[in-house]
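**Q** First, the structure itself, so that you have it in front of you.
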């Protein structure tokens, strides 16, 4: 089983994001500090979205929008069944 470590503090993350904004690359920072480059990229992207500099990756889907295709498939199946019975 992989070893886990406590999460990085918000202040540490903020400092790393500031370094990325200053022009340092995530790969360079990953070699110098402990977090992996992918984590640093994620922190920077979250900070960009939070500060309004970057658009959300996906639109937020409401539960009604998510359930609508399921409801329509059921209704379609029922209508086909009724049509087959009547023909």
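No lab work stands behind these numbers, since they all come straight from the coordinates. Remember, predicted model here, so these are calculated numbers, not experimental data. Cβ sites come from the backbone with ideal geometry, for glycine too, and all protein chains shown count toward neighbours.
**Q** Sort 39, 87, 9 so that the residue with the fewest other Cβ atoms within 10 Å of its own Cβ comes first and the one with the most comes last. Please list the in-between numbers first.
**A** Values: 39 16, 87 5, 9 9.
Neighbour counts put them in this order, fewest first: 87, 9, 39.
**Q** Arrange the peptides 65-72, 31-38 so that the one whose residues have, on average, the most other Cβ atoms within 10 Å appears first. Spell out each step's value before the answer.
**A** Values: 65-72: 10.0, 31-38: 12.2.
Top to bottom by mean Cβ count within 10 Å: 31-38, 65-72.
**Q** Could you put 84, 18 in order, starting from the residue whose Cβ has the fewest other Cβ atoms within 10 Å? Before the final figure, lay out each step's value.
**A** Working: 84 8, 18 12.
By the 10 Å Cβ count, ascending: 84, 18.
**Q** Let me ask something else about it. With everything on Cα atoms, drop me the angle between helix 10-21 and the longest principal axis of the chain, reported from 0 to 90° to the nearest 10.
**A** It works out to around 80 degrees.
**Q** Right, something else. When 17, 61 are ordered from fewest to most other Cβ atoms inside 10 Å of their Cβ, what list results?
**A** Lowest count first: 61, 17.
**Q** Sticking with the crude label model, points 7 Å out along Cα→Cβ, report the distance from residue 60 to residue 46 in nm, one decimal please.
**A** 1.7
**Q** Before anything else, pin down the relative contact order of the chain: Cα pairs under 8 Å, at least 6 apart, normalised by residue count, whole percent. Mind showing how you got there, number by number?
**A** Working: 23 pairs, mean separation 14.5, N = 87.
Worked out over the chain, it gives 17 percent.
**Q** Hey, what number do you get for the chain at 222 nm if only DSSP H runs of n ≥ 4 count, each worth -39500 (n - 2.57), divided across all residues, to the nearest 500? Numbers along the way, then the final one.
**A** Values: 4 runs with 57 residues, N = 87.
Per the formula, -21000 deg cm²/dmol.
**Q** On to the next question. Against the longest principal axis of the chain, how steep is helix 37-50, in degrees 0 to 90 to the nearest 10, with axes from Cα atoms?
**A** 70
**Q** Send over the semi-axes of the chain's equivalent ellipsoid, whole angstrom and largest first, taken as the square roots of 5 times the C-alpha gyration tensor eigenvalues. Spell out each step's value before the answer.
**A** Details: eigenvalues 480, 56, 23 Å².
After diagonalising the Cα gyration tensor, the semi-axes are 49, 17, 11 Å.
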